[in-house]
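Student: Questions regarding the structure given below will be posed in turn.
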Amino acid sequence: MTAEADTAAAASPAPPPAPAPAPSRMMEPPVGAYSAPFWEATREGVLLVQWCTSCDRGVFYPRSFCPHCGAPASALEWRTASGRATVYAATTEHRPEATGATFSGGLPYVVALVDLEEGVRMLTNVIGCAPEDVRVGMPVSVTWEALSDGRQLPLFTPWPT
Ligand SMILES: [Zn+2]
């Protein structure tokens with residue numbers, strides 16, 4: 001390739017990126033100081049939880065020390081979660097327009113706390129069933145909602161279906 005061709009190739013515009021999905025929430029979660037590995041994994045549909053190798057317990061949300069035993073960051077590692085959980089508590093938002101959420105298509109949606117098999121509790125939405133069908137103790141599994149920057153938000157759906 002000639003120098004002119006190199007220059008021409010370098011000057012040609014890059015193809016436009018694929019359009020990002022429209023935000024379905026008023027605010028998408030920020031990437032915090034300790035949560036970057038968690039969010040990067042969501043791009044591949046992988047749910048990670050921090051794990052304390054000192055006391056052998058899961059840690060969520062991501063942080064710089066173990067909240068159970070106080071072990072420092074050097075004792076924490078990332079493990080792939082099974083994606084299976086049970087509903088600990090749930091409530092229904094009957095006015096999605098008041099929160100700016102569009103992921104439910106204007107219909108009421110469920111805000112829930114779910115307990116992952118790894119022993120950590122996560123705030124999420126349960127989708128894929130009528131809100132009135134969500135029960136405490138109900139088994140659910142992870143599913144993903146695309147965010148505008150390629151990350152995915154872990155939501156949960158009844159399991160087995
Ligand atoms: Zn610990």
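Each reported figure results from applying straightforward, stated rules to the coordinates on display, with no laboratory input. On a predicted model such as this, the values are computed, not experimentally measured, just so you know. In this analysis, Cβ positions are derived from the backbone assuming ideal geometry, glycine residues included, and neighbour counts consider all displayed protein chains.
Student: Answer rounded, prolate or oblate for the chain, using the Cα gyration tensor with square roots of eigenvalues a ≥ b ≥ c: rounded when a/c is under 1.5, else prolate when a/b is larger than b/c, else oblate.
Tutor: Details: a/c = 2.62, a/b = 1.34, b/c = 1.95.
In terms of gyration-tensor shape, oblate.
Student: If you filter segment 59-102 for trypsin sites (Lys or Arg not before Pro), then keep DSSP loop positions with at most 14 other Cβ within 10 Å, what is left?
Tutor: Here no trypsin sites (Lys or Arg not before Pro) fit, given the DSSP loop and packing criteria.
Student: Antiparallel DSSP bridges in the chain: what percent, to the nearest 5?
Tutor: Working: 33 of 34 bridges.
Among the beta bridges of the chain, antiparallel pairing accounts for roughly 95 percent.
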